[in-house]
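Notes follow the structure.
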Amino acid sequence: IEQNVYPAFCDYVDLYIEYASSLCASSGDDATNDDDQQDKDGQASYLNYRRTNDPARPMLQRLYGEEWTERLIETVLFKDI
């Protein structure tokens, strides 16, 4: 193990640190800002989809009523970010 596995592990850790460092160095790029906006837009799209198509809605409506269910979905489960 000391002759084969440990050196491979050290190489892996070195590559990981190099990769993570390169990501940190490029965090101020415009491309990153565009990526951040795409991420936020994607999250908003996902929340809207889930808000509209929540599979638990019928069950919750039967148990707690429509008003309570819609308030739960809008303000707790799939609140805007």
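Structure above, values below:
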| item | result |
| --- | --- |
| Only listed residue being open to solvent by less than 70 Å² (accessible area, probe 1.4 Å), within 23 Å of the chain's Cα centre (by Cα) and farther than 30 Å from residue 23 by Cα, chosen from 60, 47, 72 | 72 |
| Among (1) modelled with pLDDT under 95; (2) of a type outside the set (Ser, Thr, Tyr); (3) open to solvent by less than 90 Å² (accessible area, probe 1.4 Å); (4) in contact with a helix residue (DSSP H, G or I) (Cβ under 9 Å, 6 or more places away or on another chain), the one test that residue 20 misses | (4) |
| Number of positions in region 23-51 that are polar (S, T, N, Q) and modelled with pLDDT of 90 or more | 3 |
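The values are calculated or read from the model by the stated rules, or taken from the named source; none is laboratory data. All of these numbers come straight from a predicted model, not from anything done at the bench. Note that each Cβ is placed from the backbone with ideal geometry, even for glycine, and that neighbours are counted across all protein chains shown. For accessibility, only protein heavy atoms count, side chains too; no ligands or nucleic acids. Shrake-Rupley method; radii C 1.70, N 1.55, O 1.52, S 1.80 Å.
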